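The structure appears below as structure tokens.
Just so it is clear, none of the values below were taken in a lab; they were calculated from the coordinates. Quick caveat, the model's predicted, so the values are computed rather than measured. Glycine also receives a Cβ, built like all others from the backbone with ideal geometry; neighbour counts cover every protein chain displayed.
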Amino acid sequence: MFDRRPQNFYYWFYRYLLIFLLVLTTGILTACGDDPRANQAPTPEPSRQSSLTFREVTLEKFDDNGKPLWKVNAQNVVYSQDNKIANVLKPKGNLFQEGRVVLQVEADRGQIFDDGRQVLLDGNIVAIDPRNQAVLKGNKVEWNPEKSILVIQDNLRGNNAQLQASARIGRYYTKEQRMELQGQVVATVKDPPLRIQTRYLQWFISQEKVMGDRTLRVAHYEKSDQPLSLEPSPSPSSLPNSSPNSSPNSSGNQPVIESSELPDLPPTPQKLIQQVEAEEVEYNLKTKIAIFKKNVQLNSIEPPAQAVSNNVVWNVADEIITSPETIKIVQAKDQITVTGNQGILNLKTKMANLTGGVQATSDRQKSVIFANQMQWNLDSQDLQATGNVIYQQVNPTLKVVGSEASGKLNTENIVVTGTQNVGGQVVTEIIPEQP
């Protein structure tokens, strides 16, 4: 009898194969067509399934001319559902300008928006400019490649071989190699040791200078192996031994400007030598010369003295103060004030040289000298006045006119010599007391 089992086997085999192919084809067509579930509210699970995740990848962005804007390596990259946001883990890479690396950046995390036109970094950020070796640190950074601006917030720190600084917000302009520091700004200079405190400061890194146009304070310290602190204190106060609302043309023994908006800084182990307050400053890190403008107040610890002017050039290394405008020098201990149209104060030699309309006043002795030029030793109190000298005192009341004078104003031991009068005599005028 003929065996039909092979024929039945092939019959059922091809039948099931045909059914499988029909089901598979229907599934493919359904997947390619509109999904009726597309209009339903998405659930978290499908959203996670629609994200794209890559590991150990390199991301790049180019400008219209094909030059690189940035290149970042990341341990992990997760794209959003619409592929408009890339979340990166442990990003590390380079930011470019005209095809040249201007910043080497790394962070804990980051986000890339708008096809690479905006990059946000978060956590332990370090950015290094290889052109000037500046190191910028913070916890939040925004990079705008088209504007070449790096905005740093949250625990901003910046430093190079010359200077270190901290602030609330920093903006680094890579084209100019310029850093804007804003909010509770504290900057320290390594040599000579300076600490600058203000609300706004510009750091021109390639030009080796800093500039500020807000009320500021600059403190000069003796050299030490320990670095100066960058941490501000929360409570504001004014300078010691200071009186408010004074100017180069005001009276008083201790003329200073108010500094209530600048908080105190914590004490340092370094010895303070001088401290200056002003409204504007330009400091050259290379020449070590500072130019102060508007309501400039210098407080010197040794010699103990204050100087007030609206324009002061301070050679920090040589400790020489020069003013091309009206300057007032005060020694509160001996109650002596000397004012001139221009002046030089050498803090190392403790000598002051003033010219043009010089007036030296002793509040304690109630005496005054007028002259065209005067040299004053702040340590010994010796003075030498020349040109149209007039000396006046109260007790006894007298007035002496001559061409030269020398002596000590704090003891009223003054000798007036020479005269332009006919006969070459010094003119002495005794002024009787008023009844």
Fill in the blank from the handout: The rounded separation in angstrom of the Cα centers of the range 93-142 and the range 339-368 is 54 Å
Fill in the blank from the handout: Within the under-12-Å Cβ sphere about Arg109, not counting Arg109, Lys/Arg +1 and Asp/Glu -1 give a net charge of 0
